[in-house]
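Undergrad: Take this structure first; my questions come after.
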Amino acid sequence: MKKSKKKIVITCCFVFIFIISLLVSLFQISKSRDFQFFGKLVKSTETNEKKIALTFDDGPTENTQEILKVLNVLDVKATFFLCGIGIEARKEDAAAIASNGHGIGNHSYSHKRMIGVSYNFCKEEIEKTNRLIREVGYKGEIYFRPPYFKKLFMLPLYLQNSNITAVTCDVEPETYLGYNASPNELANNVIDNIKSGSIILLHPMYKAENTLIAIEKIVMTLKEKGYTFCTVEELLKLYDKNQ
Ligand SMILES: [Zn+2]
């Protein structure tokens, strides 16, 4: 091979490796729980107080009333990240979440992955859902959780411009154990990984039975260990107060 040809091949290899590395890095960033390119993102808070937040994604669905019943018996307030499309279909359930004193967050309108989408798509998805959340009577601050935690450039840019905080989580048992995990496995994973200021994510809107039983064990065990459950808004305001 001629010297100049060899040089071209080596350069092409370097460019190829660089592009692959860049794509892999962007993929990792797109699903990161603790980093985004613009705006504020929170996965847990720094606090010495034993306060934690229980959060649920998706819905509302036909399981909402059962979830509210369990939380009511346990005397716990949680935060529900709802989709606009779900609120439109079940306004009464969304209103019941608000009137029971739980937090409501925005989980987009359609639950589409928000990467490779335009700025306006993000704006419409979030603003439409925020309007629906207000319509059902929720008065607290509205945080945003990206579907599948996917975000890259346009979504964080819109969130920054709109002063909306993105909230992920630091304890997510279903991600590691799968959705068929037993209530005990789910609960033990939360109990083993919890710390003051943690934000727990569960999905009782669709996989209700095991998760509902797990919620009971999680709450009872962690209360015995001295933890207090609060909404995401309370948890984040506590952090802001300590700054
Ligand atoms: Zn979701």
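Undergrad: Give region 223-235 a look and list any residue that's within 18 Å of the chain's Cα centre (by Cα), more than 16 Å from the ligand (Cβ to nearest atom) and either free of Cβ contacts under 8 Å to residues at least 12 places away in the same chain or open to solvent by less than 30 Å² (accessible area, probe 1.4 Å) (or both), or say none.
TA: Phe229, Cys230, Thr231, Leu235
Undergrad: Then there's this: Filter region 140-157 down to residues that are without any contact (Cβ under 8 Å) to a residue 40 or more places away in the chain and open to solvent by 10 Å² or more (accessible area, probe 1.4 Å), then give me how many there are.
TA: Of the residues in region 140-157, 1 are without any contact (Cβ under 8 Å) to a residue 40 or more places away in the chain and open to solvent by 10 Å² or more (accessible area, probe 1.4 Å).
Undergrad: Could you look through region 158-180, keep only residues that are modelled with pLDDT of 95 or more and part of a loop (DSSP other than H, G, I, E, B), and pick out the one that is most open to solvent (accessible area, probe 1.4 Å)?
TA: Asn163
Undergrad: Looking for something assigned to a loop (DSSP other than H, G, I, E, B), in contact (Cβ under 8 Å) with a residue 24 or more places away in the chain, under 30 Å from Lys150 (Cβ atoms) and open to solvent by 80 Å² or more (accessible area, probe 1.4 Å) - is there at least one such residue anywhere in region 17-36?
TA: Yes, region 17-36 contains at least one residue that is assigned to a loop (DSSP other than H, G, I, E, B), in contact (Cβ under 8 Å) with a residue 24 or more places away in the chain, under 30 Å from Lys150 (Cβ atoms) and open to solvent by 80 Å² or more (accessible area, probe 1.4 Å).
Undergrad: Consider only pairs whose beta carbons are under 8 Å apart and that are at least six residues apart or on different chains; among these, list those whose first residue lies in region 99-121 and is of a type in the set (D, E, K, R) and whose second residue is open to solvent by 50 Å² or more (accessible area, probe 1.4 Å).
TA: Close Cβ pairs (under 8 Å, with a partner that is open to solvent by 50 Å² or more (accessible area, probe 1.4 Å)) amount to Arg113/Tyr148.
Undergrad: For the subset of region 193-209 comprising residues that are open to solvent by 10 Å² or more (accessible area, probe 1.4 Å) and in contact with a strand residue (DSSP E or B) (Cβ under 9 Å, 6 or more places away or on another chain), which member is farthest from Glu233 (Cα to Cα)?
TA: Among residues in region 193-209 that are open to solvent by 10 Å² or more (accessible area, probe 1.4 Å) and in contact with a strand residue (DSSP E or B) (Cβ under 9 Å, 6 or more places away or on another chain), the one farthest from Glu233 (Cα to Cα) is Asn193.
Undergrad: Let me ask something additional. Would you mention how many residues in region 47-62 are away from the ligand (no atom under 14 Å from the Cβ) and over 21 Å from Glu234 (Cα atoms)?
TA: Residues flagged as away from the ligand (no atom under 14 Å from the Cβ) and over 21 Å from Glu234 (Cα atoms) within region 47-62 amount to 1.
Undergrad: Answer yes if at least one residue in region 207-222 is out of contact with any Leu (no Cβ under 8 Å at 6 or more places or on another chain) and within 16 Å of the ligand (Cβ to nearest atom), and no otherwise.
TA: yes
Undergrad: Sticking with this structure for a sec: Looking for something aromatic (Phe, Trp, Tyr), touching a strand residue (DSSP E or B) at 6+ places or on another chain (Cβ under 6 Å) and more than 16 Å from the ligand (Cβ to nearest atom) - is there at least one such residue anywhere in region 134-142?
TA: Yes, region 134-142 contains at least one residue that is aromatic (Phe, Trp, Tyr), touching a strand residue (DSSP E or B) at 6+ places or on another chain (Cβ under 6 Å) and more than 16 Å from the ligand (Cβ to nearest atom).
The values are calculated or read from the model by the stated rules, or taken from the named source; none is laboratory data. Keep in mind it's a predicted model, so treat the numbers as computed, not measured. Cβ sites come from the backbone with ideal geometry, for glycine too, and all protein chains shown count toward neighbours. Just the protein is used for accessible areas: all its heavy atoms, side chains included, with ligands, DNA and RNA removed. Shrake-Rupley method; radii C 1.70, N 1.55, O 1.52, S 1.80 Å.
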